[in-house]
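Engineer: Got a structure for you, written out below as structure tokens; questions coming shortly.
The values are calculated or read from the model by the stated rules, or taken from the named source; none is laboratory data. All values derive from a computational prediction rather than experimental measurement. Neighbour counts run over all protein chains shown; Cβ positions are idealised from the backbone, glycine included. Side chains are part of the model used for accessible areas, which takes the heavy atoms of the whole protein and leaves out ligands, DNA and RNA. Shrake-Rupley method; radii C 1.70, N 1.55, O 1.52, S 1.80 Å.
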Amino acid sequence: EPSLSRVARIAPALRGAPLARIFHVPDEGTCDAWSLGPGLLRGALRHGARLRLGVRVLRLHARAGRIVGASTSDGAEDADLVVIAAGAWSSSLARGLGVERTLTPRARHLFQSTPHPTFAAASPHPWCWIDDAGLYLRPEAGGFLMSPCDETDETPAEGPGSRGAPREEARDSLVQKLTRLCPTLADLGIGAGWVGYRTFTPSRAPLCGRDPEIDGLAWIAGLGGFGVTCALALAEDLTRALCVAR
């Protein structure tokens, strides 16, 4: 817990911020999904996986309380084991089986700032999260990737993709929070933005493991805001559990 006087050196973006307490965790970082993806795909292929990109699962099928396959946009597939890991669309897939699991998609915005000298004032600049006020920012492309930490319950359209256009009210909320909480960034230009989905269970704990009602059905869903960070480890654990069970 550094003194407030050290904030200008550790995180210049917070200089002058009306904060009572700050925690600095130097070993924390971010997970780069763009770097993870290609490596994971290559590893899956080396181990015999068959990948079908651009194919939508339309409906899962069960008979006598057990998974038997799925209908896809590319035809029918037989399967005696299915893992639902479909993010905001997970609960709708199970609903076709008569299984109700409460998974709520919530929209959240991200905005990219224009370059700013504060970015270069610390090397590297830490990512910052003012949790109780709801403001997130981390260095990105010479500026900051930022979120007003909004959450709006929203049913996503049928795919593909979950990235949508930003809403003006979210941009206004971000500007207000930056002005109040990060006065040194009051002149920060806000560029492109987008809205995506984070999906939660009622307890905000992830839904992972075998389904209690349908044999051969398992879940990795409801990961909220830590899906990219934890999905790989959860998938490894679930794979081990399912392989042992078989």
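Engineer: PRE reach from R59 (point 7 Å along Cα→Cβ): which of region 100-128 fall under 19 Å by backbone N?
Structural biologist: 100-101
Engineer: So what is log10(I(q)/I(0)) for region 1-100 at q = 0.10, 0.22, 0.23 1/Å, when the Debye sum runs over its Cα atoms only?
Structural biologist: Taking Cα atoms of region 1-100 as identical point scatterers yields -0.57, -1.22, -1.26.
Engineer: Further question on the same structure: What share of the DSSP beta bridges in the chain is antiparallel, in percent to the nearest 5?
Structural biologist: Taking every DSSP beta bridge within the chain, about 90 percent pair in antiparallel fashion.
Engineer: If the elastic network links every pair of Cα atoms under 10 Å, which of R138, R50, R106 fluctuates the most in the Gaussian network model of the chain?
Structural biologist: R50
Engineer: Report the full-extension gain for the segment D27 to T239: residue separation times 0.36 nm, less the Cα-Cα distance, to one decimal in nm.
Structural biologist: Values: separation 212, 0.36 × 212 = 76.32 nm, distance 2.89 nm.
Once the chain is fully extended between D27 and T239, it gains 73.4 nm.
Engineer: Return, ordered by residue number, the residues of region 192-225 whose backbone nitrogen is under 19 Å from a label point located 7 Å along Cα→Cβ of E140.
Structural biologist: 192-199, 224-225
Engineer: How much accessible area per residue does region 83-230 have, in Å², with a 1.4 Å probe?
Structural biologist: Heavy-atom SASA per residue in region 83-230 reads 49 Å².
Engineer: Carbon-plus-sulfur fraction of the accessible area of the chain, 1.4 Å probe, in percent?
Structural biologist: On the way: 7790 of 14400 Å².
Carbon and sulfur: 54 percent of the exposed surface of the chain.
Engineer: Identify, among G39, G29, T152, the residue whose Cα sits farthest towards the positive end of the charge dipole of region 1-159, taking +1 on the Cβ of Lys and Arg and -1 on the Cβ of Asp and Glu, with the dipole about the Cα centre.
Structural biologist: It is G39, whose Cα lies furthest towards the positive end.
Engineer: Hey, got the Cα dimensions of region 57-116 along the principal axes, in Å, largest first?
Structural biologist: Over region 57-116, Cα extents along the principal axes are 60, 27, 16 Å.
Engineer: What residue among L207, L234, L51 shows peak mean-square fluctuation when the chain is described by a Gaussian network model with Cα springs under 10 Å?
Structural biologist: L51
Engineer: Viscosity 1.002 mPa s, temperature 20 °C: give me the Stokes-Einstein translational D for the chain in µm²/s, with Rh taken as the Kirkwood radius over C-alpha pairs. Provide the component values of the computation, followed by the final result.
Structural biologist: Working: Rh = 20.5 Å.
It diffuses with D of about 104 µm²/s by this estimate.
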